[in-house]
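Contents: one structure, followed by commentary.
The values are calculated or read from the model by the stated rules, or taken from the named source; none is laboratory data. As the structure is a prediction and not an experimental result, all values here were calculated from the model. All Cβ positions, glycine included, derive from the backbone under ideal geometry; neighbour counts span all protein chains shown.
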């Protein structure tokens, strides 16, 4: 999942829903008043997707109720979606939906989603649009410091004292694994992988936690990676952990060179 923790209130739920959509490249507004043929209506999350062809607008209602959402709510929301001219609507409920609501939605342009199902619906797009771009933006210097051949960095390292050159080599060895992770989870790497597995295949998102996959290989090679990265149970936690560790490594290299090399 994108998020590790379920939102604690309906307001938190709608804010996190809007955040995920924005990070996935969708324009959003929270508690937006829209005009319908029957008058003004307030919508928890209004979303417009400019990248779809044709562009799409969808409305989302967030229900953090103790009880399951009934059929009447679905029909009422269907009317709002239709009267507003939106392409489709979704109701996100943390408590689920009554049987009648599920049956009613089968023939409507309203999707009934759990919190987990909403995240799954946008996970691929969020990863491709946000995760890989944040990795690139926040960790570029580490790739330069740790990549196998970088003549510019090596020329600067040659100007250091012998002790500092040894420390440079030690830091490169120490942070090679996190540098490799940052390289793997970048847009160009994902695009290259798609050329191999097929353009119509979904982006290869890492299976979490990494300890069960990548971690097994790294342990066998004697390579150390922070536990927070290996044990991350959500993609946002993984992203934040990788960036945090990468920036700590970058700071060590910067200190060695006395500046950003």
Wholly enclosed helices (runs of 4 or more DSSP H) of the stretch 78-189 bearing at least 1 residues without any contact (Cβ under 8 Å) to a residue 60 or more places away in the chain and farther than 26 Å from residue 13 by Cβ: 132-146, 151-158, 162-174, 176-184
Farther than 21 Å from residue 28 by Cα and in contact with a strand residue (DSSP E or B) (Cβ under 8 Å, 6 or more places away or on another chain), is that true of residue 88? no
Looking at 67, 18, 29, which one is surrounded by 16 or more Cβ atoms within 10 Å (Cβ to Cβ) and at pLDDT 95 or above? 18
Do we find that residue 246 is modelled with pLDDT of 95 or more, closer than 26 Å to residue 207 by Cα and in a helix (DSSP H, G or I) in this structure? yes
Quick one: in the stretch 190-215, which of the residues that are assigned to a loop (DSSP other than H, G, I, E, B) and at pLDDT 60 or above is surrounded by the fewest Cβ atoms within 10 Å (Cβ to Cβ)? 207
